[in-house]
Amino acid sequence: MEGYDLIGDVHGCGATLASLLEKLGYHQRNGVYRHPRRKVIFLGDLIDRGPRIRLAVTIARRMVEQGEAYIVMGNHEYNALAYTHPGPAGSHKRWLREHTPRHNRIIQDTLEQYRDYTNEWDDTLAWFKTIPLCLEVDGIRVVHACWDEALIEELKQRHPDGCMDTQFLIESTDPSTQAFRILDRLTRGPHVSLPAGIAIHSGDGFTRKSFRAHFWAQAPKQWGDVVFQPDNLPGDLETRELTDEERQKLSYYGPEQPPLFIGHYWCEGIPALPTNNIACLDYSAVKYGRLVAYRWSGETVLNADHFVWIKVPKEERALPKPWEIDFD
């Protein structure tokens, strides 16, 4: 083993994933992408929005099940589990994740692409439930959105393997529970609420009343010190002072900690490192950005030269069938 190739949010760009694996030196043998000296770690969010969701899931799942890859859960896999799970008995909720217009829109592409493969979709959901929320392997840490040491310790006290069971899934949809705090922080990361009456209107058509915050500023003072997303904050909010309450709700990952790999934050442009020990690998692949990997080979100080990526072509929906894996 030379190391690991960590791959950010695929979001159904299955053909581009196949191209990236080939670029990294992986080749199909018996329907599984393999490398003689390396393994992949997927950072979650295989599904939703993209044109080849089944292909993306099949590539990743086969690699994981054959010992050629690891994976951590993204918020979109979690959303799918909650969206398709009935609400608890006696609850007013029909589903754990309500079928609102917003939620319907997010999962629409996934449901459409599995519409004629209901058994495969059920099996895929069962596989999602086996995916851990975080991972520590050979000196590196991997989580979809945020590594919060205290919450991860709470998770492992309940589930040493880092995976959730049905009871945890049900609890995690109740904001008053420990399960919700763990799931929300690890798969969605810290958020800061915007003032009343102010919203961010994103390029993807969604309106948001909070912004995504990062967790590596040691003593942040203003909102601009922690904002971590492509959308600019409205007006002069970047200079707004963080309140003590807001600051206490943020996580912190210090420079002395092991290398950490995250996705989730739909960065843009050329991949870069926010710190010497943290790499974000989500570069908005499904928005025709880049599908990004980091080639880690044991270093404790990360190096931006180790990023490898493929720009996602707008023509992906029309790519020919040779990219497809035989599903039968």
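The values are calculated or read from the model by the stated rules, or taken from the named source; none is laboratory data. Quick caveat, the model's predicted, so the values are computed rather than measured. Please note: Cβ atoms are built from the backbone with ideal geometry, for glycine as well, and neighbour counts cover all protein chains shown. Heads up: the accessible areas ignore ligands, DNA and RNA and are worked out on the full protein's heavy atoms, side chains in. Shrake-Rupley method; radii C 1.70, N 1.55, O 1.52, S 1.80 Å.
Within the shell of other residues whose beta carbon sits under 13 angstrom from the beta carbon of R247, the net charge comes to -2, with Lys and Arg scored +1 and Asp and Glu -1. With viscosity 0.692 mPa s and temperature 37 °C, the Kirkwood radius over alpha carbon pairs of the range 46-123 converts through Stokes-Einstein to a diffusion coefficient of 240 µm²/s.
The mean accessible area for residues of the range 127-187, using a 1.4 Å probe and ignoring ligands and nucleic acids, is 39 Å² per residue. Ranked by the mean number of other Cβ atoms within 10 Å of their residues, highest first, the peptides 73-82, 187-196 come out as 73-82, 187-196. For the range 169-307, with all protein chains in place and a probe radius of 1.4 Å, 47% of the accessible heavy-atom surface sits on carbon or sulfur.
Computed over the range 108-260, the P(r) curve from all C-alpha pair distances, binned at 10 Å from the origin, holds 9, 31, 33, 22, 5, 0 percent per bin. Measuring nothing but how far apart in sequence close Cα pairs (under 8 Å, 6+ apart) lie, relative to its length, the chain scores a relative contact order of 20 percent. When Rg and Dmax are taken over the Cα atoms of the range 1-131, they come to 15.7, 53 Å. Return the label of the correct value of Rg and Dmax of the Cα atoms in Å, as calculated from the structure shown, out of (i) 25.4, 83; (ii) 27.8, 106; (iii) 19.2, 57. Checking each listed value against the structure points to (iii). Overall size of the range 180-263 from C-alpha positions, given as principal axis extents largest first: 38, 26, 23 Å.
Over all pairs of different C-alpha atoms, the range 133-195 has a mean inverse distance whose reciprocal, the Kirkwood radius, equals 12.2 Å. Among the protein heavy atoms of the range 1-155, carbon and sulfur supply 46% of the accessible surface, probe 1.4 Å, non-protein parts ignored.
Excluding same-chain neighbours fewer than eight residues apart, the lysines reachable from K221 by a Cα-Cα span under 24 Å are K209, K249. Evaluated on the range 60-177, the Kirkwood hydrodynamic radius is 15.7 Å, with distances taken between all distinct Cα atoms.
Straight-distance candidates among the lysines for linking to K39, with alpha-carbon spacing under 30 Å and chain neighbours fewer than 8 residues away dropped: K23, K129, K156, K287, K311, K314, K321.
When each of the peptides 280-288, 295-303, 106-114 is scored by the mean number of other C-beta atoms lying within 10 Å of its residues, the order from highest to lowest reads 280-288, 106-114, 295-303. May I ask for log10 I(q)/I(0) of the range 210-258 at q = 0.17, 0.19, 0.20, 0.27 Å⁻¹, from a Debye sum over the Cα atoms as equal point scatterers with solvent left out? Values returned for q = 0.17, 0.19, 0.20, 0.27 Å⁻¹ are -0.49, -0.61, -0.66, -1.09. Per-residue Karplus couplings for the range 299-308, computed as 6.51 cos²θ - 1.76 cosθ + 1.60 with θ equal to phi - 60°, are listed in order as 6, 8, 9, 6, 9, 4, 5, 8, 6, 10 Hz, Gly and Pro entered as x.
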